[in-house]
Amino acid sequence: PLELLQAEHAAYLAFLRSDKPDPRGLRRTHYLTMAGTAGIVLLVTIGLAIYTFKYQFRVVQNSSRGFAFAILLLLMLALARITGLTNLPDDLAVGTVIIAAAILTIAYNQRFAFGAAGGLAVLTTLACGADLKLFITQMAAAGTTVLMLDEIRTRTKVIAVGATAAGVAFLTAFCGGLLGAQPVRYSVASGAYSGLAAIGASFVITGILPLIESAFRIATSLRLLEWCDVNRPLLRRLAIEAPGTYN
């Protein structure tokens, strides 16, 4: 059955590229679908721009921050598109939204991060050609990440947040699969892929945390704690030459 569906889809794509007569209006339907998708993408992009202008104006004022924000969203969208164009499960795209939500929470604040993650989740769902289940799973996992990642004092905090988001993603994807009348084993597999993507995203965030701090010119609580290490040369010199100031 899968081979037949793939052959039918290939024949449909070949027909769209041909000059054969179209009595059933397949080309018209295809073009209208593309126009609708483009319209939604345009509206979401405008909405993100307005939301950024209203709630995080320093992104607009600072060209480097604005560039980093745009690159982040485009990169995550491109990664999600790869899953849509390949045989990879769409549920892996959950990780891209979690990465974006975590980075924006670290760099800015929870409200802005959740709003931007919502816009990215819409675009990601469209890029993957997925249904409402993927969108809800992405929003649930991103919301969990944003709410829990308020302050980073240890690297294990990011992993713990990822593990919690993985559990939420698994349950959401699993229940969404059952709601869509999918067999239990497919629903479990969908939940497992979503959870795996969430865990993977947490390790990615842990690894690139120094890059995030450099790109957005911020210092997390973890970085401040590292700077308070008494073995750092400047603090040792301060303790020797100006003990009163050091204390």
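The values are calculated or read from the model by the stated rules, or taken from the named source; none is laboratory data. The structure displayed is predicted, hence computed values, not measured ones. Cβ: placed from backbone, ideal geometry, glycine included. Neighbour counts: every protein chain shown. Surface areas here come from the heavy atoms of the whole protein model, side chains and all, with no ligands, DNA or RNA. Shrake-Rupley method; radii C 1.70, N 1.55, O 1.52, S 1.80 Å.
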query = In sequence order, what are the phi-derived ³J(HN,Hα) couplings for segment 109-120 according to the Karplus relation 6.51 cos²θ - 1.76 cosθ + 1.60 with θ = phi - 60°, rounded to whole Hz, with x for glycine and proline?
reply = 8, 5, 4, 5, 5, 5, x, 5, 5, x, x, 5
ask   = Of (i) 20.1, 57; (ii) 21.4, 63; (iii) 22.5, 89, which is the value of Rg and Dmax of the Cα atoms in Å derived from the coordinates here?
value = (iii)
ask   = Once amide H atoms are built 1.01 Å from N in the peptide plane, which residues 5 or more positions from Asp22, or in another chain, come under 5 Å H to H?
value = none
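Would you please give the FRET efficiency between Leu211 and Glu8, computed as 1/(1 + (r/R0)^6) with r the Cβ-Cβ distance and R0 = 45 Å, to the nearest 0.05? Can you show the working numbers first?
Numbers: r = 45 Å, r/R0 = 1.00.
E between Leu211 and Glu8, to the nearest 0.05, is 0.50.
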ask   = Where does the chain land at 222 nm, in deg cm²/dmol rounded to the nearest 500, when only DSSP H runs of n ≥ 4 count, each adding -39500 (n - 2.57), divided by all residues?
value = -27500 deg cm²/dmol
message = Could you order the peptides 122-134, 28-40 from most to least packed, using the average number of other C-beta atoms within 10 Å per residue?
response = 122-134, 28-40
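What is the magnitude of the charge dipole of segment 141-247 about its Cα centre, with +1 placed on the Cβ of each Lys and Arg, -1 on the Cβ of each Asp and Glu, and no other charges, expressed in debye to the nearest 20? Walk me through the intermediate numbers first.
Numbers: 9 positive and 6 negative charges, 29 e Å.
The dipole of segment 141-247 has a size of about 140 debye.
Please give the length that would be gained between Asp150 and Thr245 if that part of the chain were fully extended, namely 0.36 nm times their separation in residues minus their C-alpha to C-alpha distance (nm, one decimal). Write down the numbers at each step before the final one.
Numbers: separation 95, 0.36 × 95 = 34.20 nm, distance 3.18 nm.
Answer, rounded to one decimal: 31.0 nm.
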message = Just to confirm the number: angle between the C-alpha axis of helix 132-148 and the first principal axis of the chain, 0 to 90 degrees, nearest 10?
response = 10
key: Alpha carbon centroid spacing (whole Å) that separates segment 122-197 from segment 6-63   = 25
task = Would you mind getting the accessible area per residue of segment 90-221, heavy atoms of the protein chains only, 1.4 Å probe, in Å²?
result = 41
request  = Output ³J(HN,Hα) for segment 24-40: one whole-Hz value per residue in order, computed from phi by the Karplus curve 6.51 cos²θ - 1.76 cosθ + 1.60 with θ = phi - 60°, and x for Gly and Pro.
outcome  = 8, x, 5, 5, 4, 4, 4, 5, 5, 5, 5, 5, x, 4, 4, x, 5
task = List, in order, the whole-Hz ³J(HN,Hα) value for each residue of segment 180-191 obtained from phi through the Karplus relation with A = 6.51, B = -1.76, C = 1.60 and θ = phi - 60°; use x for Gly and Pro.
result = x, 6, 7, x, 4, 5, 6, 5, 5, 5, 4, x
ask   = Which percent of the accessible heavy-atom area of segment 9-162 goes to carbon and sulfur, probe 1.4 angstrom?
value = 68
task = Just subtract the alpha-carbon distance of Arg27 and Phe57 from 0.36 nm times their residue separation and send over the number in nm, one decimal.
result = 6.5 nm
task = Keeping the other protein chains in place, figure out the carbon and sulfur percent of the accessible area of segment 171-242, with a 1.4 Å probe.
result = 68
task = Would you mind working out the magnitude of the charge dipole of the chain relative to its Cα centre, with +1 at each Lys and Arg C-beta and -1 at each Asp and Glu C-beta, to the nearest 20 Debye?
result = 480
note = Comparing Glu151, Glu213, Glu226 in a Gaussian network model of the chain (Cα, 10 Å), the one with the largest mean-square fluctuation is Glu226
Fully extended contour minus Cα-Cα distance, from Asn87 to Ser64, at 0.36 nm per residue = 4.7 nm
message = Which one, Thr206, Thr145, Thr105, has the greatest fluctuation when you compute a Gaussian network model over the chain with C-alpha springs under 10 angstrom?
response = Thr206
message = I'd like the orientation of helix 94-107 relative to the chain: the angle between its Cα long axis and the longest Cα principal axis, in ° from 0 to 90, rounded to 10.
response = 30
inquiry  = As I understand it, the dipole of segment 105-247 uses +1 on the Cβ of Lys and Arg and -1 on the Cβ of Asp and Glu, about the Cα centre. Which of Leu238, Gln138, Ala181 lies farthest toward its positive end?
reply    = Leu238
